[in-house]
Every structure is written in C-alpha cells, then in structure tokens.
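Worksheet: the structure to be examined is printed underneath.
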Amino acid sequence: MDIQQHSSILPIDIEEEMRTAYIDYAMSVIVSRALPDVRDGLKPVHRRVLFSMDELGVGFGKPFKKSARIVGDCLGKYHPHGDASVYDTLVRMAQEWSMRYPLVDGQGNFGSVDGDSPASMRYTEARLQKMAEDLLIDLEKETVDFNPNFDDSLQEPSVLPSKIPNLLVNGTSGIAVGMATNMAPHHLGEVIGGVLAYLDNEEITVRELMDFIPAPDFPTGGEILGVSGIRQAYETGRGRVVVRGKAEIETTKTGKTQIIVTEIPYLVNKANLVERTAELVQDKKIEGISDIRDESDREGLRIVYELRRDAVPQVVLNQLYNYTSLQNSFSINNVALVKGRPMTLNLKQLIHYFVEHRYDVVYRRTQYELKEAKSRQHILDGFLIALDNLDKVISLIRGSSDVELAKIGLIENFGLSDIQAKAILEMRLQRLTAMERDKIIEEHQKITALVVKLEEILANKELRTSIIRQELEEMQNKYQDKRRSRINMDTDEFSDEDMIKEEQIAVTISHEGYIKRISVTEYRTQGRGGVGSRGTSKGDDFTEHLIIASTHDYLLIFTESGQLFWIKGYKIPEAGKTAKGRAIQNLLQMTKEDKVKAVVNVRSLDDEEFLKNHFLVMCTKKGVIKKTTLEAFSRPRQAGIRAISFQDDSDDCLLNVELTNGKADVIIGIRSGRAIRFPEAKIRPMGRTAMGVRGIRLADKNDQVVGMVCIQDNSRTLMVVSEKGYGKRSDVDEYRTTNRGGKGVKTIKITEKTGNLVAIQSVTNQDDLMIINKSGLVIRMALEKMRVMGRNAQGVRLIRLQDGDEIASVARIERLEGEEIIESELVENLAEIVEIIDDSLDTEEDDDTQEDDTQEDDAQEDESPEQEVI
C-alpha cells in the first residue's frame, strides 16, 4: 500500500521523534515533579497539598481532618497521580526530624526516625502549621499567577506568596531526569538575617553573607565539622558538609564507661545505625564495645554504647565516627527552577530570587489593595452625595415604580455611577442616622489616606523594601528558635590517627631489617646482673635499634647511605616479643642493600616554631658530624630524601642522629674507649645534602665511632657499655669541653675482660636501661640503683653473657608510672658485680691530651641538588 496516498499517515524520523518525546518527558519531570521553585521552595505536589488544606479550612487552630480526606481532595482537584505520592508528601511535611520547620501538624502515627512507616491515611489526621499559613498568606490578593488544573475546571497557584525564604529554611531533595537537587535546611533567624543584610547592600559577597548564615542547621542537630565544604557550596552551589552525631563519654556509678549518643546526623536511620554498629562489633572491626542499647523514648533520642574496662573511650568513639553513619556527609546541590528553568545557585542568588519574588508579591498585593480601596472610596463618595441630598434621594426613590427606574433617576439627577446608585439603593435605613453619617465620613477619610499611601508604595521602591524588611522581622520574631547543629570551625574530618589509641611503644629494628612494635608494658623491670628474658626472635638475627616512642609520633628513619624516611608509630606492625616482625622494605621504599642506622621520634611536623628552633645532629662512622634544622626534614615524601652526602671514594656511612635545641653539648664515643665533648654551637647549620665537618679524630684505621649523645641539661649522666656486658655511669662534667675534631679522653678502661666500647647513652635516675644481646635476650634494669663512678673506671657487670655472646643494642627507657622493679634471683655476689677500679688505683696514665685541630678544610658541604630514593 502506498503511504503517499493516505494523507492521515505522515512519515517521521524515529530518532527525532524519540529525542523530542524524551525531552518533553524530561522537562515535564523537571518542571512538574522533581525540582522546587526558587521563590517558595516547593515542588508542585507540596504546593498542591498545602493549597488543598487551605481550601478545606484546616488551618492552624482549626479541627484536624482525616489525612484521607486531604489526600482525596488534592488528588481529585489538582494532582492526578498516585495517592501514595500525596500522602508521603503530607507525612514528610509533618515529620520534625525531616523538616527543620514542619509545615503540617500531624495527629497519629507519622513514622519515626527509625524508619518506621506511618499509619494508613485513614487513621491519621492533619492540619496546617502556623508557618504554612504564612506561606499561603495574601493568596487571595492576586499576588501570584493562577493556572488551570489538569482538567481546566479549577485554578491553582503557580507559586505561593511565601513570607519566609522556605527553600533555604527547610531545604529539599529530588531526582529529575539528568539532574538532581539536594538543598540543606537552615536556621530561620540566620537566613532572615542574611536576607536583611542583602536588602541593605545588594553588592554583598557570599563571604560576607556567611557572617549571617554560617552553616546549615539540621533538624536532628549534630555537629558540623569545618566550613571549607560549606563555603564551597555557598559560593558555587555545590559542596559537602560533614555532620557528626552528638556523643558524650560518661562514667556510671559502678565505674563503667559509656558513650551516650543523643543526636545523629540528618537523614540517618537510627535503627540501621544501631544494627550496623552491632555487626561491626561482632566482626571485630570496632573493638571495645561490650553492649549496645537504644534507650530512646518520647523525651528524645538516646543510644548507649557500653565499653569494656580496657577500652579507650575516645578511640572507640572515633571508630564509630569512621565506620558508621554516626558521622555522615551531606552533599549540597542547589538546583532550583528559576522562571521555569533549572539553575545551580549560590547563596547570594538564592536570596536574590526570594527577595525579587517578595518585591513582586508586595507590588501586586498593593495594586490589589489599591484597587479595593478605590472601589470602596467610590462607593463612599456616592454615600456622601446621597447624604448631602437625603430628602431628594428619598423622594426620588419613593416616587419610582421599580428599582431600575430609581437607579436611573439617581444616576441622572445626582451624577452617580451605576455602582454608586446600586449601593445607595441597597443601603439600610439605619445608615441614615446622624451617627452613621459620621462613621461614613470617618471611613471615607481613612480610605482616602490609604489610597494615597498605597499609591506612594507603588511609586517608591524604598517603601516596598521597608515593608519587606518589616515582614521579615515579624517572621524572625515569630518563629526564631535555638540553633540545633553546632558548628566546629576548627575541625574538619578526622584522620586514621584519631582512631588509634595513643600509648608508649618499643619499636625494634633487627640486624636483618625486620621492624615491629611492642607495648612498653610487655617488658618487666629486672635487677642488673640477671640473665634477661626472651625479647627478640631466635636465630642469627638480632635487634640493632630499640626506640621508645608514642603511636602518634613521627619516626624519622635514617639509613646507612644517608637517606631519610618517615613513618607514623601506629603504622608499624604490632607483634609479640619473640616475633620476627615485618621486613622494613615492605613499609618504606628502601633498597635491600641499605640498612637502618638511626631513628628519631618527633611528636609533630606542623609546629613551625618548633621546626625552626630544633636541629638534627648527625654523626658518621668516620667521625664526621653535621647539623641541619629540623624544618628541612618536615615534608615527608614516600620515596624518602637524602639527609647527608658522602665523598665518592669514601667508605663512610651514617651512624647516629640526635634531635637538639641548638644549645646542647655533643659527646662522641669511639670503639677504642675514648670520647670527645664540644658545644653544638661549634657546628654551623648546613644544607640538607651537605657532607658535614670533622667531629673526632680516630685512633687508627680500625677505630670507629660507636655512638653520639647530645646533652641538653646538667641532670643527665653518661652511660657507657662495653661489648662483654660491662658498663658504668659518669658525670658529664668529668668530660671537659673542647673544640671539635680532637682525639678525646678516656671514657672507659678497655680490657680483654670488658671488650671494646659498643654504646654510650645519656641517662638519669628515672630511666631504665634496656640491653639486647646478639642471642636475642633482653634485660631491663633500673639505673637509680647504679651509682655514678669515675670516668676512668672499668665499671660493673650489667648482664651475664654466655660464651661467645656479645651486646647488640642498648636503649634508654623512661620508666612508666606504677611500674615496679623486680629483682632477679640470678644476681651474682657483690664481689663479682661491683668490680670497680677507682681512679686512685689505676696505674695506667689517662691521656687527656686534646688536639684542637678543627680545620676549615674539614668543612665539606655539597650543595648539589637533592638525591632522592627511587
């Protein structure tokens, strides 16, 4: 059949038809369903529900009506869609946890914050809230346009007059086709304050408006973290607000610790929150909670998390914030209809379009009131004419055969209009008394004054602005309440560190490069002379470095080749005392050939004052020393950076690094049993990649530096330990201050019995000494029981070693409060332990000669570019 022969069938392009149909559908959803109007902040369904309730007469203070009656009226007259959409809208406008300022007063079961469904519409009742009436006020005064309903049988408003900026105050959410909106609720008093500021200065900036509207205000309260996301949302129309529930840590009368939650983030389902938390506790993702109870009632929300006695409350709370919706984010997307077109709006634009709407409403309302006033004035003019000619008017009316002739007679004889003549004929006889005459004259005077005033308002924008301001202030005084969401300006989202319990840890790094952390409390304090307890793994590996730090400290790890890496204490894997640990190359980008030589723990790298006034003093195996400000090492890099450089033909390597305040005395000890002391000020600060200067002159080519300490107060003593387990404490004052670069003085008498010097430490009576030998045994002893000896003494036995065993590592530990010293039963007899050779019995002459041969050519500084680890 030839299509051309049938004029009723038109060929079309299916692609074009599909495009047109989809665009029409999308626009229908955008304009007629999903997006709010910027002027009243309502979607069509919300507007129709409120308008239907107003027409039904269920205003504030009036009797409730069944929700089914309201829904049916709205469906039948204005909203030809499913009843569920209308009832859900009615319910949400009545929920105080969904709307910052509810617009519907509900009676019955309207759901709960647990996500419970409301009762059926036949069981619930509703009426308008007072604020809803202020959205609808002046609707009868032709303030807005009316459009035909779906069947052209009725008229419905295209927008409500809205005395309050409802879009900002209550917010909204909706998903259209290809776009969505999600607007946060705000505090009415703050919003009106911002609108008033805009009326004063239309050139006001968003930043200035934020002085009046600092952040959203959610109906469920909570704490808003930071303002960066809010500022972005207010300036661009898109942003993210982080909201945290209100939680307090309490201790019961029985001594149990509880976390009490009384507010949760906006739109969070309380029942789901409790259920999810229980799952995480069961899966051991959140530890420390022994019981969860929902004690919410009519008085308010209350969730109780009961903690175990060993739990750290703040850590558990931070875990709740991180893993559950107790901390949530609200994504702001300010999309609204502006003259029928969807637009993304910033804070100032939202206020601008509301104010523009109010100007239009006030102008149209004034026009309507002027029209009504002039109409009444016209009638009163007729009354006055009639009263001035009362006898003639009465005579004319009595002589007329019917009303129509009387009306014509009044018009022809007294120059009245049709409306005036009709009003006179309808006037009651009681209005002809002298008292009523005075009332008519008084009313005429008032109407005349009103007409003048209304005409002035229409002619003067400043008067209209004054009216808008006055009405906004009335709304502010009428509805303003306390802000519910607290604003934390200084805090943004927490980091992983906030969820880690802060405690003292012992970090060990083995000879083969395995690292682990152990709680300091795992070690018991023993008396000196004991055999020690198993503290490291068995085998050929042994602990070389033992650092006491906090889980929140930064550990600056320096390697033999002069590289520096950063790691937080809590990021080091935790293991038992006998566990091997984890290869450090799995945590840091170190080469397998490189070895850790020094570790410095720093509390923070953010304090500029601290960084600029503290230094890292480095010492190499060949006696070279270097000082650099801590600030040069305050920017962590995953690949690490170069901390010190060496000459190409040198076999030197980094040995030790100390953190100082710039006023310390440096003491360097060498294997041959000598030490040198000189002020830190003798070392000038150098660049990060510099080589350094000579610190001490070695005895021979086999000699090398074994350690360096920086003494920053006179309360400390110098502890030296030999490789065969002997050691002693000496006053630092016994080491005279000299220039750097000399040979030093004797620090311990080296014999075959003691072995060479292996470690030096600065200690006090409040410290403990932890010694680890190469066989993996560890002993911890209290130094307060070791008396101070002369610099030239041999010392006492600190640990009994098996044949062939030697000291591997020595570390100073600050004794924790409450720790007890447990004396070992294996202490040798006093004669064996206290093997002290006094200076007076020492026949060997002490060589205190010091060569002050610090030469300028020792200062070798390489200012070449940084060499980074790849």
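The values are calculated or read from the model by the stated rules, or taken from the named source; none is laboratory data. Small disclaimer: the values here were computed from a predicted structure and weren't measured. Neighbour counts are summed over all protein chains in view; Cβ atoms, including those assigned to glycine, are modelled from backbone coordinates with ideal geometry. With ligands, DNA and RNA removed, areas are computed over all heavy atoms of the protein, side chains included. Shrake-Rupley method; radii C 1.70, N 1.55, O 1.52, S 1.80 Å.
Under 16 Å between alpha carbons, and skipping anything fewer than 8 positions from residue 392 in its own chain: which lysines qualify?
407
Just list whichever of 246/482; 516/568; 253/482 have alpha carbons separated by over 23 Å in the model shown. Spell out each step's value before the answer.
On the way: 246/482 16 Å; 516/568 12 Å; 253/482 33 Å.
Exceeds cut-off: 253/482.
At 222 nm, what helix-only mean residue ellipticity would the chain give, in deg cm²/dmol to the nearest 500, using -39500 (n - 2.57) for each DSSP H run of four or more?
My calculation for the chain gives -8500 deg cm²/dmol from helical runs alone.
Assuming 0.36 nm per residue, please report the length gained on full extension of the stretch residue 550 to residue 401 beyond their Cα-Cα distance.
42.5 nm
Could you compute the net charge surrounding residue 331? Neighbours are other residues with a C-beta less than 9 Å from the C-beta of residue 331; K and R count +1, D and E count -1.
After counting each charged neighbour, the total is +2.
How much length is gained if the chain between residue 207 and residue 388 is pulled fully straight, taking 0.36 nm per residue apart and subtracting their Cα-Cα distance, in nm to one decimal?
58.7 nm
Output the relative contact order of the chain, whole-number percent, from Cα pairs under 8 angstrom with separation of 6+ residues.
Relative contact order of the chain: 9 percent.
What's the magnitude of the charge dipole for the chain around its Cα centre, counting Lys and Arg as +1 and Asp and Glu as -1 at the beta-carbon? Answer in Debye, nearest 20.
1540
Hey, if you put +1 on the Cβ of every Lys and Arg and -1 on every Asp and Glu Cβ in the chain, which of 76, 304, 590 ends up farthest toward the positive end of that dipole?
Working it through, the farthest residue towards the positive pole turns out to be 76.
Counting only protein heavy atoms, what percent of the accessible surface of the chain is carbon or sulfur at a 1.4 Å probe?
Of all accessible area on the chain, carbon and sulfur atoms account for 46 percent.
How about residue 627: which lysines have a C-alpha closer than 23 Å to its C-alpha, ignoring those fewer than 8 places off in the same chain?
595, 597, 612, 663, 682, 743
Which of the following values of mean projected area of the Cα convex hull in nm² was calculated from the structure shown: (i) 46.2; (ii) 64.0; (iii) 40.2?
Looking at mean projected area of the Cα convex hull in nm² for this model, the match is (ii).
Counting Lys and Arg as +1 and Asp and Glu as -1, what is the net charge of the other residues whose Cβ lies under 13 Å from the Cβ of residue 234?
Charge balance in the 13 Å sphere: +1.
Can you give the local net charge around residue 585? Use residues other than it whose beta-carbon is closer than 10 angstrom to its beta-carbon, Lys and Arg +1, Asp and Glu -1.
+1
Could you pull the accessible area for residue 357 with a 1.4 Å probe, rounded to 10 Å²?
Accessible area, nearest 10 Å²: 10 Å².
What length, rounded to one decimal in nm, is gained on full extension from residue 613 through to residue 579, with 0.36 nm per residue of separation minus their alpha-carbon distance?
Full extension from residue 613 to residue 579 adds 8.3 nm.
Give me the accessible area of residue 240, 1.4 Å probe, in Å² rounded to the nearest 10.
Approximately 100 Å² of residue 240 is accessible to the 1.4 Å probe.
Under a Cβ-only charge scheme (Lys and Arg +1, Asp and Glu -1), can you give me the dipole magnitude of segment 302-392 about the Cα centre, in debye to the nearest 20?
I would put it at about 340 debye.
Just the accessible area per residue of segment 544-691, please: how many Å² with a 1.4 Å probe?
Details: 5810 Å² over 148 residues.
Ligands and nucleic acids excluded, the result is 39 Å² per residue.
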